Each structure stands twice: as structure tokens, then as C-alpha cells.
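Structure, as C-alpha cells:
The values are calculated or read from the model by the stated rules, or taken from the named source; none is laboratory data. The shown structure was predicted, so the numbers you read here are calculated from the model rather than taken from an experiment. Backbone-built Cβ (ideal geometry, glycine too); neighbour counts: all protein chains shown. In case anyone asks, the SASA skips ligands and DNA or RNA and just uses the protein heavy atoms, side chains included. Shrake-Rupley method; radii C 1.70, N 1.55, O 1.52, S 1.80 Å.
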Amino acid sequence: MGNIRILHTADNHIGLKFNNYSGTAAQSALVQERFDALKNVVQASNDKDAHFLVVAGDLFDDLKVTQKDIKTVVSILKKSMAEVSVLPGNHDYYDGEDNKLWRVFSELIENSQIRLLHEPAVFQTQADEQPVYFYPPPCGSKHHEGHVIGWVNDIQKDPNEIHVGIAHGNVDGLGVDDADRYFNMSDTDLRAAGVDFWLLGHIHVPFPAPTSIGNPLFFMPATHTPESIKRKIPGHAWFIEIIEKKQLLFEQLNTGNLRFSRQILTFGRNYSLSDFQREELVWRNAKLILDLKLSGSISENDLTDLGEHLRTLQNHYLQIDIENTVGVAVDAAFIQKTYAEGTTAYQWLSAISEEPESELALQLAYSLLNPNAQKS
């Protein structure tokens with residue numbers, strides 16, 4: 001038996017609007033990124049000479065995706081040299097022939113290498129004349145109590161052939177679904193199906209760890225490109241190779257172009273303006289959406305320089321959102337410069353400054369004296 005090669009993606013969510021970035025350059029870039037990263041997936045399948053490109057659900061973000069977007073997706077998938085299989089997920093579920101999304105999709109993929117897996121039935125194909133059996137339980141609704149993979153258990157399977165499950169839903173212990181609304185599956189359910197392994201979608205983080213070896217029960221690729229500040233990964237797909245005796249080799253591929261990052265920093269004794277400026281040069285990237293939260297205190301001069309530095313940053317990132325509550329550092333020199341000797345404020349702050357580890361207490365006392373003190 002020769003090696004069988006599969007490129008596995010899921011949760012592409014084409015058509016996601018990113019309304020939280022409405023009116024910004026980031027919004028249009030993020031919308032386009034869903035397509036560009038899908039092109040990366042297809043290119044990876046070609047570079048790896050994959051036999052199969054499997055989309056394990058949520059290729060589209062919802063059923064109302066535009067025909068233009070559907071046509072663009074199909075044109076991208078048609079460039080794959082692999083056989084492409086697309087499973088409806090819970091966002092782009094298949095609920096019958098009147099489903100406009102999949103009706104348009106089906107018309108566009110006619111006479112192509114793309115197949116819509118919209119029925120819970122065994123799909124037999126081959127790779128280099130070797131039989132391969134796929135078992136696709138599609139989602140028929142957005143929410144569903146329990147899994148829909150039970151029918152796979154009842155299918156007799158030749159142990160000498162390759163059997164691959166494709167499903168979309170939550171896996172107990174990996175994703176959180178306390179209300180059991182998202183096609184919940186357990187390891188026991190997945191093992192009972194009797195397939196060699198599963199290609200899954202729904203959970204937007206990768207599984208297993210990229211350093212894993214052996215034959216995992218299932219794979220989750222995560223999103224092909226990050227969709228929010230919650231995702232620090234660059235976007236992934238799995239390349240899986242079935243070798244002799246059904247052993248698996250697998251590689252995690254980076255498929256996204258844009259990144260999100262959240263940095264929460266506190267200025268003070270152990271973190272200075274120069275530290276921040278040095279780190280910021282490392283993060284700086286025109287394809288990065290940066291969420292920056294700054295607090296703490298620094299000297300008056302540094303506070304001014306920080307404000308000037310922050311004003312220059314917008315041009316260096318795709319999008320930067322800044323929450324800045326950094327204040328002036330209150331120390332003996334600042335007290336002497338700011339308050340006349342002998343005043344109540346001078347005496348109070350000076351007394352506090354003489355106490356050990358007084359930095360936080362000084363900042364609090366100063367903020368009480370000056371509730372409207374300017375921040376950079």
C-alpha cells in the first residue's frame with residue numbers, strides 16, 4: 001500500500017463580517033483574509049501532493065453568505081489538484097434541497113473534483129488505486145443535542161482498507177458545551193465508530209499537539225486563519241500521511257497571513273519606557289492587529305515620550321487599539337517640584353515616600369489629591 005496524503009481544514013467561516021472593526025482598514029483586510037488563507041490551504045494541498053483536501057465543516061460562516069462569496073470559494077477550491085470533500089458544519093448546516101447556500105454551491109461544483117458531503121452515507125473513493133472510505137455525518141441544524149455519528153458504528157469495515165470519519169461538533173474535554181448544544185462527542189463515541197481516525201471541525205484550537213506522535217483518534221485543525229483577539233495562533237491545517245500498516249505521519253501547517261496579539265503591560269520599577277520601546281519594535285508588523293493595555297507609572301519626561309511614541313504607532317500595524325492609564329511616577333523629586341514645602345500635600349506625600357515599598361501608596365495618594373491628573 002502506498003502512502004495516502006490528506007490536507008485537513010475546517011472552520012474557515014467565509015463571510016464573517018468583523019463588524020467590531022466596522023469602517024476600519026482592518027475590517028476589509030480581515031474579510032479578504034478568509035479567502036487568502038483558503039488559497040494558502042489549497043496551495044499547501046498542491047505542494048504536498050495531497051490526494052484529498054477535506055473541509056470538516058463551517059467552510060462558510062452562515063447560510064446567508066452571498067453568491068459572490070460562494071463563487072469565490074468554489075473558484076479557489078477548484079485550483080486544488082486533490083479531491084475536495086466539503087462537510088456542512090453547524091454554521092453552514094444542510095437542512096434539505098431548499099437550502100440556498102448549498103444549492104448554489106452544488107451547481108457551481110458540477111463536473112469538478114469537489115464533492116459536497118451532505119448525506120450521512122459512506123463515500124467510497126480511491127488514491128492511487130487504493131480504496132478509501134469516508135464516513136461523513138453532516139450537520140442538519142445549528143444546534144443539536146448529542147452527536148450524529150452513531151450510524152457509522154453499524155457499517156461493516158474491512159480492516160485492510162482505509163476508513164476515515166469526517167464530523168463537526170464538540171469533543172468532551174476539549175471544548176466547552178455544558179448545555180450539550182453542539183453535536184457533543186466523546187472519545188468513546190468516536191472509538192465505537194470503528195474508523196481508523198476522525199477529521200473533525202468546530203473547536204477553534206488545534207488537536208493533537210504538533211509534537212505528538214503515533215495514531216491520534218482524531219484531528220482538529222483549528223481555524224485556517226485567526227478570527228479574533230482570542231486566537232494567538234497564526235491559523236493552521238493538518239497534513240496527514242497514512243503510511244505502511246496504517247501508521248500516521250502528521251504535520252501542522254501555518255496557513256494564515258494576519259495575526260492578533262494582546263499585550264498587557266505595567267510600567268514601574270521593573271518595566272521602563274525603554275523596555276516597552278524595545279519590545280514594541282519586535283511586535284511591529286503591518287499584518288498584526290494589536291490590543292495594547294498600559295498601566296503603571298513613569299517619570300514626567302518618559303510620560304511625555306510615551307504619549308508621542310503611541311501617536312506614531314497606527315501606521316505600523318494593521319490595527320492598534322490602545323487603553324492607556326499610565327500616570328506620572330510620584331517620588332521625592334516629583335513631590336518637591338510639584339508642591340510647596342510645608343503644604344499639607346507636600347508633608348503627606350513626603351511622609352509616605354519615606355516608608356519602604358511606598359510606590360503604590362504614593363500613586364494612590366497622588367490620585368486622591370489630583371483625581372483629574374492628566375494621563376499620556
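Does segment 97-114 contain any residue that is among the aromatic types (Phe, Trp, Tyr), free of Cβ contacts under 8 Å to residues at least 40 places away in the same chain and under 22 Å from His147 (Cβ atoms)? Scanning segment 97-114, I find at least one residue that is among the aromatic types (Phe, Trp, Tyr), free of Cβ contacts under 8 Å to residues at least 40 places away in the same chain and under 22 Å from His147 (Cβ atoms), so the answer is yes.
Set side by side, the residues Asp95, Asp36 differ, and just one is assigned to a loop (DSSP other than H, G, I, E, B) and either open to solvent by 10 Å² or more (accessible area, probe 1.4 Å) or among the β-branched types (Val, Ile, Thr) (or both), which is Asp95.
Listed by position, the strands (runs of 3 or more DSSP E) contained in segment 119-193 that have at least 2 residues being among the aromatic types (Phe, Trp, Tyr) are 130-135. Selection of segment 189-230 for residues being open to solvent by 30 Å² or more (accessible area, probe 1.4 Å) and touching a strand residue (DSSP E or B) at 6+ places or on another chain (Cβ under 6 Å) yields Asp196, His202, Pro206, Phe207, Pro210, Asn215, Ile229. For segment 365-376, taking the residues that are open to solvent by 70 Å² or more (accessible area, probe 1.4 Å) and not in a helix (DSSP H, G or I), the one that is nearest to Arg269 (Cα to Cα) is identified as Lys375. When Thr72 is tested against the conditions (1) over 30 Å from Ile242 (Cβ atoms); (2) of a type in the set (S, T, N, Q); (3) open to solvent by 50 Å² or more (accessible area, probe 1.4 Å), the lone failure is (3). Taken over segment 349-364, the criterion of being surrounded by 13 or more Cβ atoms within 10 Å (Cβ to Cβ) and either modelled with pLDDT of 85 or more or not hydrophobic (A, V, I, L, M, F, W, C) (or both) is satisfied by Ser350, Ser353, Ser358, Glu359, Gln363.
Each residue in segment 290-342 was checked for being out of contact with any helix residue (DSSP H, G or I) (no Cβ under 6 Å at 6 or more places or on another chain), part of a strand (DSSP E or B), in contact (Cβ under 8 Å) with a residue 40 or more places away in the chain and surrounded by 18 or more Cβ atoms within 10 Å (Cβ to Cβ), and 1 pass. Residues in segment 111-133 that are open to solvent by 40 Å² or more (accessible area, probe 1.4 Å) and of a type in the set (A, V, I, L, M, F, W, C): Ala121, Val122. All conditions in (1) within 27 Å of Asn20 (Cα to Cα); (2) modelled with pLDDT of 95 or more; (3) open to solvent by 30 Å² or more (accessible area, probe 1.4 Å) hold for Gln277, with the sole exception of (1).
Looking at (1) at pLDDT below 95; (2) buried (at least 17 other Cβ atoms within 10 Å of the Cβ), which is the one condition that is false for Arg181? Checking Arg181 against (1) at pLDDT below 95; (2) buried (at least 17 other Cβ atoms within 10 Å of the Cβ), the one that fails is (2).
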